[in-house]
Amino acid sequence: MSDETTTTAGSTPGHMIVCGGDALTHRLALDLIHLYRERVTLIIPGLDVGHGPQLAALATEDGTVTVISGRGPDETTLRAAGITEATALALTMEDDPAVTEAALLARGLNPRLRLVIRIFSNPLGQRLEHLLDRAAEHSGGSTAVLSASETATPALVSAAVTDRNQVIPINGGTFSVVEQALDEEADGTTVPLALLAPRTDDGVGSGDSPLHVLLPSPEQTAAATPGTVRAVVRLRHDPNPPDEPGRGGLPRFPLGALISRRLRRAALGLGAFVAVLTVVTWLTTPRSIGLSLYDVLMDVAAAGNPADNESVIRKVLQLLSMFTGMLIMPLVLAVILENLGALRNVSGLDRPKRSMADHIVVIGLGKVGSRVVERLAAMRVPVVAVERNPEASGVARARKLGVPVVIGDISEPEIYHDARVSRSQTLMALTSNDSVNLEAVLYAREQQPDLRVVLRLFDDAFAGTVYRTLRASYPQARTRSRSVSYLAAPAFAAAMMGRQVLASIPVERQMLLVATVGVRGREALSGRTVAEAFRPGGWRVVGLQRAGRDLRWNPAPERPLADDDRVVVVATREGLGLLLRRTAAAAAVEEDEAAPAAAAHPHLPGPRFHRRPDDTGPLPRLPRAQPDAPYPGQDEQ
């Protein structure tokens, strides 16, 4: 790593600092710069490390974006970045200990700082957040601990499991994202989120050419026809959600933590054989069922006397019981050794059953793959994991969940067969390497052309090209491409602005965000009614919480918004950036910047709504993440 420090200008008070050098850092920087219009200082490990070239290219001559390269987040670098005057700091490195050390240092340098830290370990993150908040208890600082993989997991799972609605818990309530036919009558419990255009081979819904209408106006919804809109995505309130399976009743003994599934099956088989011997003894001797069981157990323990004067049947039963007892001893020994860890590498991995079908195959048990496997297992969706490295941490996590794991490369015929890919419903390629993911998907499509795939890619342009090519080559199959950094960056950006993104809702390759926002100080919300606050293509209020009251779902359009209210909004990426933009930053927006208020659509009329004179301005545009630049494989947390 170089010791050279490069800056464009001195840091100014109230700016934001982002420390990292990977895909998430790049996405987060783009959001803060282009959507929130914030002054940003970037601390990157080097110009030739990860996304260093792309991050360095963001520097501006006027000091709006400052880049410090070749340094880590030590005290000297943080002070040079203006940590004592900064509003927020995001630590997006993938090293939990390094992030922990930098967060503790930053909190000591600026107790008022808003900290957003990226931690993969949930227990460590919870304890660190509690510690940092206690350190800033009397200074007004705050801490948000996020995991990129955990934030992106719901969207990845929704792309793979198409027969289940995405469920979003909000303030004790539950909301579902449902896709309904255009002619299906909607009730008062749903809110239209998007109008889905008909499928085409070349439609990818990129940022430059939106394929679907997000947050449509009432006029756009009313003008939709089956020829222009194939379906409507709605948000539905579920007042009485079903209880999660396995949560009720008495607590169960964690038998799976002591005995593996394979040993449990062996013990069950031996128990069944003892029961059979007991019944046969009872039927062939004048002894009662209780004494018959006693005789069998004595024989199993080799403590019974030889049946010299007994019938032939009794002698045979005694021999069978003795052999059963011989099998019990190795089973007991195996249980002991397994709990001591001696048999973990041999018996810890469950293999897929020969009869397994209609499951989901997850390739890669890194940070993202492990989260997806955990989510699928919690939903009780059959899943098989494939991992090249048998020592990967995700392998042990999958074993604890009882998920079958196949070690090897999916492009090898034997591994492909062992994972039962030919009988699966979806293949998810979730490694941190775009080339590995693409190779796995292409090999699977060669073997099974109609296989549904979910592909993890970073580069939007590359993802669009792959999408179009796969759609053209395999028009009968369903293809989805997702970027973890693209899905996770809005949550990190909103946390730096002091707000929480509750969920992301994927709409094909576009995205909507669910967030909580305070009304006070928001020109687009304060003093307006719910209808006046609705901005088609930008944001929509779907929930209202008065001070000291419960959340009210889908408030009436004429209901006014007070300064003390908190609202739940569904917003586009650009809309949330404008809504959460700080007032000082909003004044710097150039007057001649033009962008449509809602996504244009060739067959639907533009939105018609009344706005007050103090308009919040046009929606910002988020450029693509420099698709022409090289993107080396990075492990996105």
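The values are calculated or read from the model by the stated rules, or taken from the named source; none is laboratory data. No experiment lies behind these values; they were computed from the predicted model shown. Here the Cβ positions follow ideal geometry from the backbone for every residue, glycine too, while neighbour counts run over all protein chains shown. Calculation scope for accessible area: heavy atoms of the full protein, side chains included, ligands and nucleic acids excluded. Shrake-Rupley method; radii C 1.70, N 1.55, O 1.52, S 1.80 Å.
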Ordering of 429-436, 469-476, 21-28, 569-576 by burial proxy (mean other Cβ atoms within 10 Å per residue, highest first): 21-28, 569-576, 429-436, 469-476
Other-chain or far-sequence residues with amide H under 5 Å of Arg552's (modelled H): Leu544, Gln545, Arg546
For Leu512, distant residues with modelled amide H under 5 Å away: Ile505, Val507
Portion, in percent, of the accessible area of segment 15-93 that falls on carbon or sulfur, probe 1.4 Å: 51
Whole-Hz ³J(HN,Hα) from phi, Karplus 6.51 cos²θ - 1.76 cosθ + 1.60, for segment 513-527, glycine and proline x: 10, 10, 9, 9, 9, x, 6, 4, x, 9, 4, 6, 10, 5, x
³J(HN,Hα) computed for each position of segment 270-281 - Karplus, 6.51 cos²θ - 1.76 cosθ + 1.60, integer Hz, glycine/proline x: 5, x, 5, 5, 4, 5, 5, 4, 5, 5, 5, 4
Amide H partners (placed H, <5 Å) of Thr143, local residues excluded: Leu115
Net lengthening on full extension, Arg549/Arg264 (0.36 nm per residue, minus Cα-Cα): 97.5 nm
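Stretch Asn433-Asn122 to full length: gain in nm at 0.36 nm per residue minus the Cα-Cα span?
Gain on extension, Asn433 to Asn122, equals 109.5 nm.
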Calculated from backbone phi, Karplus (6.51, -1.76, 1.60) coupling profile of segment 445-451 in Hz, x at Gly/Pro: 5, 5, 7, 9, x, 9, 6
Largest to smallest principal axis extent of the C-alpha atoms in segment 24-79, angstrom: 28, 24, 21
